[in-house]
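The structure under discussion appears below in the form of structure tokens.
The values are calculated or read from the model by the stated rules, or taken from the named source; none is laboratory data. Please read these numbers as outputs of a predicted model, since none were measured by experiment. Here the Cβ positions follow ideal geometry from the backbone for every residue, glycine too, while neighbour counts run over all protein chains shown.
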């Protein structure tokens, strides 16, 4: 569905906004469509294509249509979940933390991806053009940096936190910083010379020269948008908790159970769909609770306090 549909959905006031906490036999009358929010950061056509398999599978299991709403940025999906106008999304840890800090009862995390080695974390790599004379973080002094999105964990929150911890004063160290408009868009901005470097997300597994095993770089390679020979990785963050799949808390429990049961076996039953929706290779979905993200919630709280 076109991005304009998401904007219309977010401003509409409908009876679909809330549901009983307990599922009833006729919950489908109250939930005639299941609505999935797709984060910005990848072009809309690719997002819809890569998630279509999941929408089809969930529609068959739920017995109601599943519609996908690709937002232009992270905030659009966050607002849709907070307003009760989206039912499901795959978020970054910071995006989840941002929702939690506004309404702890809006959504609940249900799964994160298990990486190729079974771990539950990923990294934020900083990249430059391969023909650049920048080979390290120290070389970035006096150069420009593109963040991905203000609600991105790897594309903003964690790199800023780690830079501060390293004693780097952003306003003094870089010539300028800005937002590329998403992970994919920031890579393209660096390749086109609009910024000297950018930060994105990757599994941290496998060969960086191949885009790692999973993440934005791997997805761009798969989509024919990137040749890693054109980029150089100059810095990697410490491990970041993988972002969650979340579901709206107020949904009937039967709906949640159907979604959870599907995802629990997706890796075994439909490995191609798992690869598409999880941005690459992994070992399936690992159940999680809010406690898994408490460190990121505190990091986000600190970021918000510093911006006031």
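Results, tabulated for the structure shown:
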| item | result |
| --- | --- |
| Residue count for region 179-199, restricted to those that are at negative phi, under 20 Å from the mean Cα position of the chain (by Cα) and in a loop (DSSP other than H, G, I, E, B) | 1 |
| Wholly within region 25-131, strands (runs of 3 or more DSSP E) carrying at least 1 residues that are without any contact (Cβ under 8 Å) to a residue 24 or more places away in the chain | none |
| Selection count, region 146-178, where residues are under 18 Å from residue 194 (Cβ atoms), outside any strand (DSSP E or B) and free of Cβ contacts under 8 Å to residues at least 40 places away in the same chain | 2 |
| Single unsatisfied condition, residue 109 versus (1) within 21 Å of residue 70 (Cα to Cα); (2) at pLDDT 95 or above; (3) outside the structural domain of residue 46 (by TED's automatic domain parsing); (4) surrounded by fewer than 23 Cβ atoms within 10 Å (Cβ to Cβ) | (3) |
| Breaking point among (1) out of contact with any helix residue (DSSP H, G or I) (no Cβ under 8 Å at 6 or more places or on another chain); (2) crowded, with 18+ Cβ neighbours inside 10 Å; (3) within 20 Å of residue 117 (Cβ to Cβ); (4) outside the structural domain of residue 151 (by TED's automatic domain parsing), for residue 251 | (3) |
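Per-residue answers, yes or no, for (1) buried (at least 23 other Cβ atoms within 10 Å of the Cβ); (2) assigned to a loop (DSSP other than H, G, I, E, B); (3) touching a residue at least 24 places away in the same chain (Cβ under 8 Å):
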residue: 221; (1), (2), (3): no, no, no
residue: 234; (1), (2), (3): no, no, yes
residue: 257; (1), (2), (3): no, no, no
residue: 262; (1), (2), (3): no, no, yes
residue: 265; (1), (2), (3): no, no, no
residue: 273; (1), (2), (3): no, no, yes
residue: 282; (1), (2), (3): yes, yes, yes
residue: 286; (1), (2), (3): no, no, yes
